Amino acid sequence: MKPLFLSRLVLALLLVALAGYGAFCFQVAETESAIVTRFGRPVRVLTDPGLGWKLPWPVESVVRMDARLQLLEGRLSEALTADKRNVILPFFVVWRIEDPLAWLRSTQGNVIGFQANLDGVVTSARNAALGRHPFDQLVSVRPGEVRLADIEAEITAAVARPVRETFGVRVELVGINQLALPAANTPFMFDRMRAERAQFAAAFRAEGQREAEEIRTAVEVEKTKLLAEARQYADQQRGEAEAKAARITADAYRQDPELFRFLREIEALRVVAGRNVTLIADDRTPPFHLLRPTANAPATAK
């Protein structure tokens, strides 16, 4: 009987210990924060993981909250840009509980209700930010004109402080998921894109024509320069050749003056007496004396 009694005693002590542990102790995980409340009023805030203690319920109880980053997807709604264009700009919010006590007091731990409030605050900030930017800064064929990152930063800055002070929540990021247009604005968007593409095409054509004209001008200048250099070289070579020919001719004529005279008379006669020409001249006058029958006859030996 004694061993049975001891085993039952040990079991009873274990049950009492477990009951005491459940009544007086609790565990805080790494991903959460906890607040100990006494009769509904907060008395201690635990943000570090580990073992905590409390008085048994209903004197004290533990309210747990997720300390990790959480994501809110904003609802779809239209907004106006600075140039009065309707756009649909869905957003997301990354947030975390930074002040558990302020969170509990403002939301009573109701995450769904807080997300509804946060959605309204961010929607108002988004609409205000869009009202300061034209449609061109949301979508454009010129990447440098798009200001979506600046708009996200403006929205984040606008909601971070009031949400922190009111709810004890830190807004890490407000981002834009996508850009959509109402059905009525779609034709306008397409027309605008066509007009911008036409402007780009006209600019490219004008640039191409300008470059082509510059190339043609440069080629024409180079052509004129090359032709002038070629003419100069040809004239120089022709002049040198004529001078050389004249020297050779002069040397030949100096060696035989009679031959020089005879050739000059033949040349003069060729110029004066062409085909079908009738001349009346004294055949004793050079160079017409060459036309006499005996002019070219060989001399007889004396």
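Some notes on this structure:
- The range 71-81, residues that are farther than 19 Å from Leu138 by Cβ and buried (at least 16 other Cβ atoms within 10 Å of the Cβ): Leu72
- Residues satisfying the stated conditions in the range 116-138, i.e. within 9 Å of Thr81 (Cα to Cα) and among the charged types (D, E, K, R): Arg132
- Taking (1) farther than 29 Å from Asp99 by Cβ; (2) at pLDDT 85 or above in turn, Arg44 satisfies each apart from (1).
- Breaking point among (1) in the same structural domain as Val174 (by TED's automatic domain parsing); (2) β-branched (Val, Ile, Thr); (3) out of contact with any helix residue (DSSP H, G or I) (no Cβ under 8 Å at 6 or more places or on another chain), for Val62: (1)
- Pairs where the first residue, in the range 59-77, is among the basic types (Lys, Arg) and modelled with pLDDT of 85 or more and the second is loosely packed, with under 11 Cβ neighbours inside 10 Å and not in a strand (DSSP E or B), C-beta under 6 Å, 6+ apart: Arg68/Thr31
- Subset of the range 36-54 [assigned to a strand (DSSP E or B) and either surrounded by 15 or more Cβ atoms within 10 Å (Cβ to Cβ) or touching a Pro at 6+ places or on another chain (Cβ under 7 Å) (or both)]: Val36, Thr37, Arg44, Val45, Leu46, Gly52
- Breaking point among (1) loosely packed, with under 13 Cβ neighbours inside 10 Å; (2) of a type outside the set (A, V, I, L, M); (3) under 20 Å from Arg161 (Cβ atoms), for Asp99: (1)
- If the condition is being buried (at least 16 other Cβ atoms within 10 Å of the Cβ), part of a helix (DSSP H, G or I) and in contact (Cβ under 8 Å) with a residue 12 or more places away in the chain, then the range 137-163 contributes Gln137, Ile151, Glu152, Glu154, Ile155, Thr156, Ala158, Val159, Val163.
The values are calculated or read from the model by the stated rules, or taken from the named source; none is laboratory data. Everything numeric in this text was worked out from a predicted model, so none of it was measured. Ideal geometry is used to build each Cβ from the backbone, glycine not excepted, and the neighbour counts take in all protein chains shown.
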